[in-house]
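> There's a structure below that I have some questions on.
The values are calculated or read from the model by the stated rules, or taken from the named source; none is laboratory data. Just so it is clear, the structure is predicted and the values come from calculations on it, not from any experiment. All Cβ positions, even for glycine, are placed from backbone atoms using ideal geometry, and neighbour counts span all protein chains on display. Note: accessible area is taken over every heavy atom of the protein model, side chains too, but ligands, DNA and RNA are not part of it. Shrake-Rupley method; radii C 1.70, N 1.55, O 1.52, S 1.80 Å.
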Amino acid sequence: MSRRYIGWVAGAAAAVLVAAGAITYAVAEDTGGSDPKTPAADSADAGFARDMAVHHQQAVEMSYIVRDRTGDEDVRRLAYDIAQTQANQRGMLLGWLDLWGLPKVSADPPMTWMGMGDMAAGKDGALMPGMATNSELKKLGSLRGKQAEVLYLQLMTDHHKGGIHMAEGCVAKCTVGVEKRLAQGMVDAQQSELQVMAGMLEERGARPRS
């Protein structure tokens, strides 16, 4: 059953990577140079790009951790697909900030662009919704086999739920067309991956944490 799921995910990830170049160039047309539509540093467009780049980086980190902790081909393939897709998207987000001439970091707390800057953030390294804590990452790196697979799938499920919440915020608040479309693509892809991971957890006698 899981191989059917994983085949779909792999195909979707490949499609994202093929489309990435076109999206990167398209954003230049939407916001090129000194065009008045170029987002401000405190805009939702810039805030989403900065925060999602950080969020994605942790997904990449978790995926490479689990690839070294299990020999299960389905989990390794899923982890590779997530790592490659999110690393590619992260590069696009940071590239757009460069294109717009905006800083990659902000003095404002994470999620300020969503009106959530006063949320309790940074607890044990969990800067934004869905992010794993430093303790959880350390635990993931200490496990092997089925235990590592289950924890990874649970952590990534939480991570995707938080990422979907952020991406939906960009769909609602961002003004750059291609960024809104990328955010909607994240929502669609990660919702599908949530179904994949729920099935993989069930196969291992486990469930999502929430």
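> So in the stretch 34-56, with the set limited to residues that are polar (S, T, N, Q) and surrounded by 15 or more Cβ atoms within 10 Å (Cβ to Cβ), which one is farthest from Gly169 (Cα to Cα)?
Thr38
> Can you pull out every residue in the stretch 182-193 that is surrounded by 15 or more Cβ atoms within 10 Å (Cβ to Cβ) and not polar (S, T, N, Q)?
Leu182, Ala183, Gly185, Met186, Val187, Ala189, Glu193
> Any idea which residue in the stretch 90-114 is most open to solvent (accessible area, probe 1.4 Å), counting only those that are touching a Ser or Thr at 6+ places or on another chain (Cβ under 9 Å) and among the hydrophobic types (A, V, I, L, M, F, W, C)?
Leu99
> I'd like to check something: does the stretch 173-180 contain any residue that is in contact with a Pro (Cβ under 8 Å, 6 or more places away or on another chain), at pLDDT 95 or above and open to solvent by 10 Å² or more (accessible area, probe 1.4 Å)?
yes
> Gly117 fails exactly one of the following numbered conditions: (1) open to solvent by less than 30 Å² (accessible area, probe 1.4 Å); (2) small (Gly, Ala, Ser); (3) within 23 Å of Asp68 (Cα to Cα). What is the number of that condition?
Checking Gly117 against (1) open to solvent by less than 30 Å² (accessible area, probe 1.4 Å); (2) small (Gly, Ala, Ser); (3) within 23 Å of Asp68 (Cα to Cα), the one that fails is (3).
> OK, next. Answer yes if at least one residue in the stretch 71-89 is open to solvent by 30 Å² or more (accessible area, probe 1.4 Å), outside any helix (DSSP H, G or I) and not hydrophobic (A, V, I, L, M, F, W, C), and no otherwise.
Among the residues of the stretch 71-89, at least one is open to solvent by 30 Å² or more (accessible area, probe 1.4 Å), outside any helix (DSSP H, G or I) and not hydrophobic (A, V, I, L, M, F, W, C), which makes the answer yes.
> If only one of Ala172, Ala132 is of a type in the set (A, V, I, L, M) and touching a residue at least 40 places away in the same chain (Cβ under 8 Å), which one is it?
On inspection, the qualifying residue turns out to be Ala132.
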